[in-house]
Amino acid sequence: MKILQPKPFFFNKGKKAIILLHSFSGTPNDMRLMGRMFERNDYSVYAPMFAGHGTSEPLDILEKGHPDIWWQQVLDAIEFLKQEGKDEFYIFGLSLGAIFATKALENCPEVKLGGVFGSPLYADTYKNVKKAFLTYARKVYEIHDLDEVEIAQKMRVVGSKIDLMLTNINKTADTVSNELPELKKPYFIGQGTTDELVDPDKAELVAKDVKKSELHWYEAGHVLTINHAHKQLESDLLKFLENN
């Protein structure tokens, strides 16, 4: 089986353009199924790749990435679509991407509507995210045949840098969360009932704060864009776009 090297994708279809933002440790590959679905329904789709992601070195995320850099990439994505002649913009994000999709809805007047899947907004703790990232990093190193000594060295460095990154992400998320009650645009919330990375109950708090929100529950885990809930999610998103 050919492994698809992660890279940004742009499906150039209609005047209406959707930006899809992936998760922390994810890549645009996680958004590709959804992207193709939107393309089939005459939307153009752009999924940028957050700095530091999509490499075989998990440390790149912690060393080359930063919430300020990722936010600039979202602004660049909107600019890119304008250059491509698009005139209506929507944005959706998974997990980390949810923070920046919401920030775009709050700060960019040209983005008309959007939403989130497995959103960490209002999270009390990033403990599970940290655990998942450490597991992910170890797996990557094992796949690339590093010996146990090398893995232990790398994991020590990852362990020494992950907390600062999560603190920075949390600061950004807090700023975004504080502005939620001001958000007047249609806002889709997709949340898995068995999400192991974020507290599913927080989705209801967000839905209560955002006036035009629509909360959809899925009997599924965190990565709704590719797990068994993805078809239902896609169908709900199309209805959301049609109705708004």
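The values are calculated or read from the model by the stated rules, or taken from the named source; none is laboratory data. Computed from a predicted structure; not experimentally measured. No Cβ is skipped: glycine too gets one built from the backbone with ideal geometry, and neighbour counts run over all protein chains shown. Note: accessible area is taken over every heavy atom of the protein model, side chains too, but ligands, DNA and RNA are not part of it. Shrake-Rupley method; radii C 1.70, N 1.55, O 1.52, S 1.80 Å.
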ask   = Is there a residue in segment 30-40 that is modelled with pLDDT of 95 or more and part of a loop (DSSP other than H, G, I, E, B)?
value = no
key: From Leu94, Leu62, residue being of a type in the set (A, V, I, L, M, F, W, C), touching a Phe, Trp or Tyr at 6+ places or on another chain (Cβ under 6 Å) and either open to solvent by 60 Å² or more (accessible area, probe 1.4 Å) or at pLDDT 95 or above (or both)   = Leu94
inquiry  = One residue is enough: does segment 100-112 have a residue meeting the conditions open to solvent by 10 Å² or more (accessible area, probe 1.4 Å), without any contact (Cβ under 8 Å) to a residue 40 or more places away in the chain and closer than 19 Å to Tyr43 by Cα?
reply    = yes
message = Filter segment 218-244 down to the residues that are more than 28 Å from Val129 (Cβ to Cβ) and either within 18 Å of the chain's Cα centre (by Cα) or not in a helix (DSSP H, G or I) (or both) and list them by number.
response = Asn244
query = Looking only at helices (runs of 4 or more DSSP H) that fall completely inside segment 53-142, which ones have 3 or more residues that are more than 28 Å from Pro181 (Cα to Cα)?
reply = 59-64, 67-83
Flag if Ala203 is among the aliphatic types (A, V, I, L, M), surrounded by 16 or more Cβ atoms within 10 Å (Cβ to Cβ) and part of a helix (DSSP H, G or I) = yes
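Determine, yes or no, whether Asp236 is touching a His at 6+ places or on another chain (Cβ under 6 Å) and surrounded by 12 or more Cβ atoms within 10 Å (Cβ to Cβ). Quick ask: steps written out before the conclusion?
Working: touching a His at 6+ places or on another chain (Cβ under 6 Å): yes; surrounded by 12 or more Cβ atoms within 10 Å (Cβ to Cβ): yes.
Taking the combined requirement at face value, the residue satisfies it.
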ask   = Among (1) outside any helix (DSSP H, G or I); (2) modelled with pLDDT of 95 or more; (3) open to solvent by 70 Å² or more (accessible area, probe 1.4 Å), which single condition is Leu20 missing?
value = (3)
ask   = Quick one: is Thr55 surrounded by fewer than 23 Cβ atoms within 10 Å (Cβ to Cβ), under 12 Å from the mean Cα position of the chain (by Cα) and either under 22 Å from Ala137 (Cβ atoms) or at pLDDT 95 or above (or both)?
value = no
inquiry  = Restricting to segment 69-79, and then to whatever is touching a residue at least 12 places away in the same chain (Cβ under 8 Å) and open to solvent by 20 Å² or more (accessible area, probe 1.4 Å), can you tell me which residue is nearest to Ile99 (Cα to Cα)?
reply    = Trp71
key: Cβ pairs under 7 Å, 6+ apart, first in segment 176-189 and touching a residue at least 12 places away in the same chain (Cβ under 8 Å), second among the charged types (D, E, K, R) and in a strand (DSSP E or B)   = Lys185/Lys112; Phe188/Glu214; Ile189/Glu214
key: segment 143-171, subset open to solvent by 70 Å² or more (accessible area, probe 1.4 Å), closer than 19 Å to Thr55 by Cβ and not in a helix (DSSP H, G or I), residue modelled with the highest pLDDT   = His144
ask   = Quick one: would you say Asp42 is more than 22 Å from Leu237 (Cβ to Cβ) and open to solvent by 10 Å² or more (accessible area, probe 1.4 Å)?
value = no
